[in-house]
Amino acid sequence: MSVRSQGTTLFSAILILVGTTVVVQLWLLTVSTEALLSGQTKTLIPAAAGSSLLLLINACLLRYVYRFDHDVERESQE
Amino acid sequence: MTVEKKKCATCAKAPKWKQDFPIEWEGDHYVTRRELVKFMTLGSALLAGANWIAAVAGSLIHRGSHAERYIGAASALERTGSLLFRYPTDQDPCIAVRTPEGKLVAYSQVCTHLSCAVVYSKAENALVCPCHKGVFNIDGGSPVAGPPMRPLPRVKIEQRGDQLFATELEN
């Protein structure tokens, strides 16, 4: 499989993963807002921690994309 | 038939933000998957930030509910069976009840369904919402009948002689 088609498949998968985590984060924010307004403050910290974990996953995926591009660029220069 | 795409002469010279929102059709370009991943990660960071703001706001609101407040005389509660008071602020109605077993309990009077005021029913030994027939257990404030799904927030009460004090609001 060529690098280009590998990259296309990888980036499509990464895009789907990132999209899914963003939807989960949106749901967490909705739950947090509802809990805050109803005074149920116990759920707020776990929801924020979960959202931060998802952000970390997204950041790792983005870093992977940049590193992939960087490696491909370096290989083409060699 | 082939369609030739014209080049926009002024678009490349424009600053980055103008390139993202071009006026001319020729200046428009497709967003790559890399750009979309970058943009969505930025959105993810904003969502995580908003979640932490909600968490901090929640802890600040909760911290303000620990102030002690005099709510009335215990003798008045014995006469009527229930006592209405405001805690932690003047905008938060609450109800204290002496159960048939002699236990002193207090809850927020705001129904968790649609915020009507709940009242104590001696016949049912429960807190009842007259609006939609919601019923809350007197021992824990949990909903036992009707539309409410969440329990009533509990207020901790301390009795010192004949005086009653609200000390904490538990969510």
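Values for this structure:
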read-out	value
Among (1) more than 7 Å from chain B (Cβ to nearest Cβ); (2) surrounded by 12 or more Cβ atoms within 10 Å (Cβ to Cβ); (3) within 19 Å of B:A55 (Cβ to Cβ), the one test that A:T30 misses	(2)
In the range B:120-137, residue surrounded by the most Cβ atoms within 10 Å (Cβ to Cβ) [restricted to those that are over 15 Å from B:P153 (Cβ atoms) and touching a strand residue (DSSP E or B) at 6+ places or on another chain (Cβ under 6 Å)]	B:Y120
Complete set of residues in the range B:40-89 that are more than 14 Å from every other protein chain (Cβ to nearest Cβ), surrounded by 15 or more Cβ atoms within 10 Å (Cβ to Cβ) and assigned to a helix (DSSP H, G or I)	B:A74, B:L77
Filter pass, B:L104 being aliphatic (A, V, I, L, M), touching a Gly at 6+ places or on another chain (Cβ under 7 Å), surrounded by 14 or more Cβ atoms within 10 Å (Cβ to Cβ) and not assigned by TED's automatic domain parsing to the domain that holds B:G58	no
Qualifying residue in the range A:14-24 (condition: facing another protein chain (nearest Cβ under 10 Å), over 16 Å from the mean Cα position of the chain (by Cα) and surrounded by 11 or more Cβ atoms within 10 Å (Cβ to Cβ))	no
Residue that is farthest from the chain's Cα centre (by Cα) [pool: residues in the range B:145-171 that are under 16 Å from B:F85 (Cβ atoms) and aliphatic (A, V, I, L, M)]	B:L164
B:G140 vs. criteria under 18 Å from B:L164 (Cβ atoms) and either assigned to a loop (DSSP other than H, G, I, E, B) or modelled with pLDDT of 95 or more (or both)	no
Filtered residues of the range B:143-171 (kept if loosely packed, with under 13 Cβ neighbours inside 10 Å and assigned to a loop (DSSP other than H, G, I, E, B))	B:M149, B:G161, B:D162
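The values are calculated or read from the model by the stated rules, or taken from the named source; none is laboratory data. As the structure is a computational prediction, the values presented were derived from the model and not from experiment. Positions of Cβ are backbone-derived with ideal geometry, glycine not excepted, and every protein chain shown enters the neighbour counts.
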